[in-house]
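Shown next, in structure tokens, is the structure this report addresses.
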Amino acid sequence: MTTAPCGSAANQQVQGSVVIPIFEIADSADEDSLDTLSIRGGTAGISITVTTPCVVAG
């Protein structure tokens, strides 16, 4: 996360990024199917929600 100036010196914006290390748990991102993926921004910050299909455990 960083802050950077906008067009005038009085204004600033926040810039940020995240890397999700999917290749630590899968060989390919294409093999991981998702039921839902939601990325939303709000007053509290950024929310990322992911739901996978049900699988048989064990």
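For this structure, a couple of remarks:
- A Cα-only calculation for the chain places Rg and Dmax at 17.4, 58 Å.
- Contact order for the chain, expressed relative to its length and based on alpha carbon pairs under 8 Å spaced 6+ residues apart, stands at 20 percent.
- Portion, in percent, of the accessible area of the chain that falls on carbon or sulfur, probe 1.4 Å: 56
- Accessible surface calculations at 1.4 Å, restricted to protein heavy atoms, place the chain at 94 Å² per residue.
The values are calculated or read from the model by the stated rules, or taken from the named source; none is laboratory data. Predicted model, so just to flag it, every value in this text is computed and none were measured. Note: areas computed on protein heavy atoms with side chains; ligands, DNA, RNA excluded. Shrake-Rupley method; radii C 1.70, N 1.55, O 1.52, S 1.80 Å.
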